[in-house]
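Chemist: Have a look at the structure that comes next, please.
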Amino acid sequence: MSDLTPLSLPEPEGRAYLAWLTDTSAAALDAARTGADRLKTAAPGPAGDVLSAWNNIDIALGGVAARGELFSEVHPDPAVREQADAISQQARSLATQFGLDTELYAVFAGLDAADLDADSRRLLERVLRSFRRSGVATAEPTRARIKEIRDRLTVLGQQFAKTIREGTRAIRVRPEQLAGLPQDWIDAHPADEQGLVSITTDYPDALPFRTFAHDAAARRDLLVASLTVGYPDNVAVLHEIFALRAELAQLLGYATWPDYDAEVKMIGSGEAIATFIDKIADAADAPARRDVAVLLERLRRDHPDAERVESSDAAYYAEVHRREELDVDAQVVRTYFDFAKVRAGLLAVTGRLFGLSYTARTDVPVWHETVTAYDVSRTADGELVGRIYLDLHPREGKFKHAAQFTLVSGVAEVSLPEGALVCNLPTGLMEHGDVVTLFHEFGHLIHHVVGGHQRWAEFSGVATEWDFVEAPSQMLEEWAWDPAVLRSFATDVAGEPIPAALVARMRAAEDFGKGYFARTQMFYAALSYYLHVENPDDLVARTAELQARYSLFGYLPGTCMPAGFGHLDGYGSGYYTYMWSLVIAKDLFSAFNSHDLFDVSVSSRYRDTILAPGGTRDAADLVECFLGRPFSFDAYAAWLAR
């Protein structure tokens, strides 16, 4: 049995967190500096010893960055969030300093790799590549400018995220404008003293309202509010981010930021990103136009003069079509998805699939009363393999989307992997789309824990190429569609499980709109790519142009979607990742037994060949090892065409 223990978090009160963040971060950063100085001044040692010393530095820096990034997004105390931002800046600044340190680089460049094992040689290659991409070989004035740029980009990224996180908007409507929404949702949104109801841009409000509310003007108003989060403040921030990234790429010898960014991804080059975007857009065009024509025909029954389907109408009329023509009523479907049952079902399903057991830990501190903690163990032998935190409901000042955050990167014989799932889900009945989102994001958490037992921190957890990281999560979504899986936890108030026939109709209904969804995703991918290449003076105008080129729904006047598009910071020019990964996910899923998704001969092989290696092998090699062949576009193309 492992004698490693999870990280001890402080009590949730703000002052305790401030002290803990400050003290632990200062100690870790000091240890990293001391370790780096020792590497530069000590007599040359064996390559393995040098890499071990570097691993300790990596662990220390990574821990500070992880704590800063998580708690800047989730802690309820603004002072803690500010301090978390500050320590994240310190960690990134020190990492930049190390990457530009010519003496430190000389230590690694002079190592003899002859006696290293394969993982260690891979680590040395990655370390040398990181030094090169950091600009260590440039002239001193250039290195100084690179550090200046990277430090500024850290500040800008935090500012961009904070503006989105704290920029929730709302519309106010009359109670009669809630017509069409589920009664429990209406009951949870009482009128204020002025007789009006506030509807926020947070997901639990916005998604049901845009899907069910009959009032077209109110739907449009809410979408406009959602697409102006961060506007206008983030426009100037984005221009500076794009300009600095372009300058940084050129200082490092690359033509554009996408060229620099793509070099270490599966896709390989910036030009290949543009090619991939157009390939998907072309493949999706015919099914997209077919389904939009269906929406338009139904829209014209209500509004005979309508010339096109607006983006604020798409979700509503897709739901109408599914209800009227495909016999799937989302308001009936949601009665089977109570949050507490879904969460329990998620743990049961993934535990069975991956051979894991979850033990609720009500005795450990969490940062908010709604957060739940679980120890994760191997079912076969009871070995503790990590800890997870589920922070799943919205609150003021919290991260607005859905993501997995690292708390601790697991390293063999040093630390257990720990992570947090941060979402904004309702506390009562859930849309099935929320269930799919929860399975998707939990896939990242599973990858973090199962892959978080490497010798080298560089390869721990979700450490594969960035355009592969979504594939395991997208594949796990399939379990949220399987009738047998859903019947194990999706029950109505009377305890009756969701009928298999309804799930089959849901799956058929889900296929409706996938073409125009893919085109919309390529609009987002094109934004992330072309805005980085061009940094256009008029962000709004260029957004409208790209939307007209790729999406089948027109630009909404008065909006500026990029100002609230958080992926422009974290994913940079690489939003194409989601569709690239989906192509691979469809191929991975083709290896599973469609009649038994828990077939242990497949699921255990998938766990051991795709998830457990972390970043110790290239993603293409992991996939080929699992499938017995290189990944292919065929499964995705067949799915898109049907």
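The values are calculated or read from the model by the stated rules, or taken from the named source; none is laboratory data. Quantities reported herein were computed from a predicted structural model and do not represent experimental measurements. Neighbour counts are summed over all protein chains in view; Cβ atoms, including those assigned to glycine, are modelled from backbone coordinates with ideal geometry. Accessible surface areas use protein heavy atoms only, side chains included; no ligands, DNA or RNA. Shrake-Rupley method; radii C 1.70, N 1.55, O 1.52, S 1.80 Å.
Chemist: May I ask you to say which residue of ALA403, ALA412, ALA420 is at pLDDT 95 or above and open to solvent by 40 Å² or more (accessible area, probe 1.4 Å)? Reasoning before the result, please.
Modeler: Numbers: ALA403 fails: open to solvent by 40 Å² or more (accessible area, probe 1.4 Å); ALA420 fails: open to solvent by 40 Å² or more (accessible area, probe 1.4 Å).
Going through ALA403, ALA412, ALA420 in turn, the sole match is ALA412.
Matching residues to (1) within 23 Å of the chain's Cα centre (by Cα); (2) open to solvent by less than 40 Å² (accessible area, probe 1.4 Å):
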residue: GLU496; (1), (2): no, no
residue: GLU510; (1), (2): yes, no
residue: GLY513; (1), (2): yes, yes
residue: PHE517; (1), (2): yes, no
residue: ALA525; (1), (2): yes, yes
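Chemist: Of the conditions (1) open to solvent by 30 Å² or more (accessible area, probe 1.4 Å); (2) touching a residue at least 12 places away in the same chain (Cβ under 8 Å), LEU486 fails just one. Which one is it?
Modeler: Failing condition for LEU486: (1).
Chemist: Kindly evaluate GLU263 against the criterion of being in contact with a Phe, Trp or Tyr (Cβ under 9 Å, 6 or more places away or on another chain), open to solvent by 40 Å² or more (accessible area, probe 1.4 Å) and within 28 Å of ARG132 (Cα to Cα).
Modeler: Details: in contact with a Phe, Trp or Tyr (Cβ under 9 Å, 6 or more places away or on another chain): yes; open to solvent by 40 Å² or more (accessible area, probe 1.4 Å): yes; within 28 Å of ARG132 (Cα to Cα): yes.
Criteria met by GLU263.
Chemist: Hey, which of the helices (runs of 4 or more DSSP H) in segment 579-642, taking only ones fully inside, have at least 3 residues that are open to solvent by 60 Å² or more (accessible area, probe 1.4 Å) and in contact with a helix residue (DSSP H, G or I) (Cβ under 6 Å, 6 or more places away or on another chain)? Walk me through how you get there before you give the answer.
Modeler: Values: elements: 600-606, 619-627, 634-641.
Here the list is empty.
Chemist: Against the condition part of a helix (DSSP H, G or I) and open to solvent by 30 Å² or more (accessible area, probe 1.4 Å), how does THR168 come out, does it pass? Steps first, please.
Modeler: Values: part of a helix (DSSP H, G or I): no; open to solvent by 30 Å² or more (accessible area, probe 1.4 Å): yes.
The answer is no for THR168.
Chemist: Could you list all residues from segment 243-269 that are more than 14 Å from ILE149 (Cβ to Cβ) and in a loop (DSSP other than H, G, I, E, B)? It would help to see each step written out before you state the result.
Modeler: From segment 243-269, those more than 14 Å from ILE149 (Cβ to Cβ) are 253, 255-256, 258-259, 261-269; that's our starting set.
Across segment 243-269, the qualifying residues are GLY253, ALA255, THR256, GLU263, VAL264, LYS265, MET266, ILE267, GLY268, SER269.
Chemist: Between residues in segment 622-642 that are without any contact (Cβ under 8 Å) to a residue 24 or more places away in the chain and over 22 Å from ALA509 (Cα atoms) and residues that are hydroxyl-bearing (Ser, Thr, Tyr) and not in a loop (DSSP other than H, G, I, E, B), which pairs lie under 6 Å by C-beta distance while being six or more apart or on different chains?
Modeler: Between residues of segment 622-642 that are without any contact (Cβ under 8 Å) to a residue 24 or more places away in the chain and over 22 Å from ALA509 (Cα atoms) and residues that are hydroxyl-bearing (Ser, Thr, Tyr) and not in a loop (DSSP other than H, G, I, E, B), the close pairs are CYS625/THR609.
Chemist: How many residues are among the aliphatic types (A, V, I, L, M), assigned to a loop (DSSP other than H, G, I, E, B) and touching a His at 6+ places or on another chain (Cβ under 8 Å) if we restrict to segment 403-427? Steps first, please.
Modeler: To start, the set of residues in segment 403-427 that are among the aliphatic types (A, V, I, L, M) comprises 403, 407-408, 411-412, 414, 416, 420-422, 425.
With assigned to a loop (DSSP other than H, G, I, E, B) added as a condition, the list becomes 412, 414, 416, 425.
Those left that are additionally touching a His at 6+ places or on another chain (Cβ under 8 Å): 412, 425.
Number satisfying all stated conditions: 2.
Chemist: On to the next question. Would you call LEU207 open to solvent by 20 Å² or more (accessible area, probe 1.4 Å) and out of contact with any Cys (no Cβ under 8 Å at 6 or more places or on another chain)? First the steps, then the outcome.
Modeler: Values: open to solvent by 20 Å² or more (accessible area, probe 1.4 Å): yes; out of contact with any Cys (no Cβ under 8 Å at 6 or more places or on another chain): yes.
So LEU207 fits the description; yes.
Chemist: Residue check, PRO365 against (1) within 24 Å of the chain's Cα centre (by Cα); (2) more than 21 Å from VAL485 (Cα to Cα); (3) not charged (D, E, K, R), all met but one. Which one?
Modeler: Among (1) within 24 Å of the chain's Cα centre (by Cα); (2) more than 21 Å from VAL485 (Cα to Cα); (3) not charged (D, E, K, R), PRO365 violates only (1).
Chemist: Report whether or not LEU4 is more than 23 Å from ALA403 (Cα to Cα) and touching a strand residue (DSSP E or B) at 6+ places or on another chain (Cβ under 8 Å).
Modeler: On the way: more than 23 Å from ALA403 (Cα to Cα): yes; touching a strand residue (DSSP E or B) at 6+ places or on another chain (Cβ under 8 Å): yes.
Yes.
Chemist: Can I ask one more? Just checking, which of THR200, THR154 is open to solvent by less than 40 Å² (accessible area, probe 1.4 Å), β-branched (Val, Ile, Thr) and within 30 Å of THR102 (Cβ to Cβ)?
Modeler: On the way: THR200 fails: within 30 Å of THR102 (Cβ to Cβ).
Selected residue: THR154, the only one of THR200, THR154 that is open to solvent by less than 40 Å² (accessible area, probe 1.4 Å), β-branched (Val, Ile, Thr) and within 30 Å of THR102 (Cβ to Cβ).
Chemist: Condition (residue is open to solvent by less than 40 Å² (accessible area, probe 1.4 Å), farther than 16 Å from ALA27 by Cα and acidic (Asp, Glu)) applied to segment 62-69: is it met by at least one residue? Lay out the reasoning, then the answer.
Modeler: Applying the first criterion (open to solvent by less than 40 Å² (accessible area, probe 1.4 Å)) to segment 62-69 yields 62-68.
Filter once more, keeping what is farther than 16 Å from ALA27 by Cα: none.
Taking every residue of segment 62-69 in turn, none turns out to be open to solvent by less than 40 Å² (accessible area, probe 1.4 Å), farther than 16 Å from ALA27 by Cα and acidic (Asp, Glu).
Chemist: Determine which single condition TRP479 fails, assuming it passes every other condition in (1) out of contact with any strand residue (DSSP E or B) (no Cβ under 8 Å at 6 or more places or on another chain); (2) closer than 28 Å to ARG126 by Cα; (3) open to solvent by less than 20 Å² (accessible area, probe 1.4 Å); (4) not in a loop (DSSP other than H, G, I, E, B).
Modeler: That leaves (2) as the condition not met.
Chemist: Follow-up. I'd like to verify a number: residues in segment 537-585 that are in contact (Cβ under 8 Å) with a residue 40 or more places away in the chain, aliphatic (A, V, I, L, M) and more than 30 Å from ASP634 (Cβ to Cβ), how many?
Modeler: Result for segment 537-585: 5.
Chemist: Of the conditions (1) closer than 20 Å to GLN454 by Cα; (2) crowded, with 20+ Cβ neighbours inside 10 Å; (3) under 27 Å from the mean Cα position of the chain (by Cα), ILE87 fails just one. Which one is it?
Modeler: (1)
Chemist: While we're on this one: Does segment 527-538 hold any residues that are in contact with a Phe, Trp or Tyr (Cβ under 9 Å, 6 or more places away or on another chain), open to solvent by 10 Å² or more (accessible area, probe 1.4 Å) and part of a helix (DSSP H, G or I), and which are they?
Modeler: To start, the set of residues in segment 527-538 that are in contact with a Phe, Trp or Tyr (Cβ under 9 Å, 6 or more places away or on another chain) comprises 527-529, 531-536.
Subsequent filtering for residues that are open to solvent by 10 Å² or more (accessible area, probe 1.4 Å) retains 529, 533-536.
Answer for segment 527-538, where residues must be in contact with a Phe, Trp or Tyr (Cβ under 9 Å, 6 or more places away or on another chain), open to solvent by 10 Å² or more (accessible area, probe 1.4 Å) and part of a helix (DSSP H, G or I): TYR529, VAL533, GLU534.
Chemist: Is it fair to say GLY461 is crowded, with 22+ Cβ neighbours inside 10 Å, under 24 Å from PHE592 (Cβ atoms) and free of Cβ contacts under 8 Å to residues at least 40 places away in the same chain? Outline the logic, then answer.
Modeler: Values: crowded, with 22+ Cβ neighbours inside 10 Å: yes; under 24 Å from PHE592 (Cβ atoms): yes; free of Cβ contacts under 8 Å to residues at least 40 places away in the same chain: no.
The answer is no for GLY461.
Chemist: Report yes if VAL332 is within 27 Å of ALA216 (Cβ to Cβ), aliphatic (A, V, I, L, M) and either in contact with a His (Cβ under 9 Å, 6 or more places away or on another chain) or modelled with pLDDT of 95 or more (or both), otherwise no.
Modeler: Values: within 27 Å of ALA216 (Cβ to Cβ): yes; aliphatic (A, V, I, L, M): yes; either in contact with a His (Cβ under 9 Å, 6 or more places away or on another chain) or modelled with pLDDT of 95 or more (or both): yes.
For VAL332, the condition - within 27 Å of ALA216 (Cβ to Cβ), aliphatic (A, V, I, L, M) and either in contact with a His (Cβ under 9 Å, 6 or more places away or on another chain) or modelled with pLDDT of 95 or more (or both) - is met.
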